[in-house]
Amino acid sequence: DTIGNFISGVTLLLERPFRIGDWVDLGGKVGRVESIRLRTTLIVDRDNIQTVIPNAQVAAGQIVNLSGGGPLRLRVPVGIAYKESAAAAREVLLPVLRTHPDVLKGEQYAPSVLLTGLGASSVDMWLIVWIAAGVGGGVVLLVLLLGSFSALQAAPVTGLYQAEVPATGRDAEQRNQA
C-alpha cells in the first residue's frame, strides 16, 4: 500500500488535477484541498472536518475539481406560495442578486431567477449567481437567502398583499381545521 500511495502521490503532483485551495469531490468526499503529500491528500470540508485520503484511493477514483475552471455557479433554492405571481417575485428577487458585492457582473454571469417546479406547497425557483473562485459560497448563499426572504416579505408581490412564505400541507390542514 505504501508504494502504491507513493507512486499515486507522485502522479498527482505531476498531473495536477487539483491544487491546494481547490474545492474537490474525491470519491464522495467534498472539501478544500489543504495539502498534497507523497502518500496522502488532506481535504477539509465545510464543517472544518479534516479527511486524509490515501493517494492510491484518490488516483483510482473519480476526481471532480469544483473550482478548477474559474468562477463557481451557486443555485439557491427558493419557494413562494402558489397565490403569488412568479413573474412579480422574480422582479423582487433579481435586485437582491444584482446588488450582492460577491456576485459577478457581466453578460455571461448575469444573475437569474428560474422557475424549477411546482412543489407540494410552493412554486419552486432557483436563484442563480456566479462567484469568483475562493469566495465563500456558503456565506454568499446565506446572505442571498436572507435578502430574498426579506425582499419577499417586504414587497407586495401581487400588488394586493405581501408575499407569503409557503406552509407545509400539514400546517395548512391544521389551519383549515381550526
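I need to check one value: relative contact order of the range 44-158, counting alpha carbon pairs closer than 8 Å and at least 6 residues apart, in percent.
Computed value for the range 44-158: 32 percent relative contact order.
Regarding the range 20-97, what is the average projected area of its C-alpha convex hull, in nm²?
7.5 nm²
Take the range 58-134, compute every pairwise Cα distance, and split them into 10 Å bins from 0; I just need the percent in each bin.
Here the calculated profile for the range 58-134 is 18, 39, 25, 14, 4, 0.
Highest mean first, what order results for 127-140, 109-122 on Cβ atoms within 10 Å?
127-140, 109-122
Residue by residue through the range 13-18, which ³J(HN,Hα) values in whole Hz follow from phi under the Karplus form 6.51 cos²θ - 1.76 cosθ + 1.60 (θ = phi - 60°), with glycine and proline marked x?
So the Karplus estimates, Gly and Pro as x, are 5, 7, 6, 6, x, 8 Hz.
What is the local net charge at Gln50, summed over the other residues whose Cβ is closer than 15 Å to its Cβ (Lys, Arg +1; Asp, Glu -1)?
+1
Grab the DSSP H runs of the chain that are 4 residues or longer, score each as -39,500 (n - 2.57), total them, divide by all residues and round the 222 nm result to the nearest 500 deg cm²/dmol.
Theoretical 222 nm ellipticity from helices: -10500 deg cm²/dmol.
Rg and Dmax of the chain, using alpha carbons, in Å: what are they?
Considering the chain through its Cα atoms, Rg and Dmax are 21.6, 70 Å.
Bear in mind that the values in this text are calculations on the coordinates, not laboratory data. The model shown is predicted, which means the values in this text are computed figures rather than measured ones. Quick reminder, even Gly has a Cβ in these numbers, built from the backbone with ideal geometry, and neighbours come from all protein chains shown.
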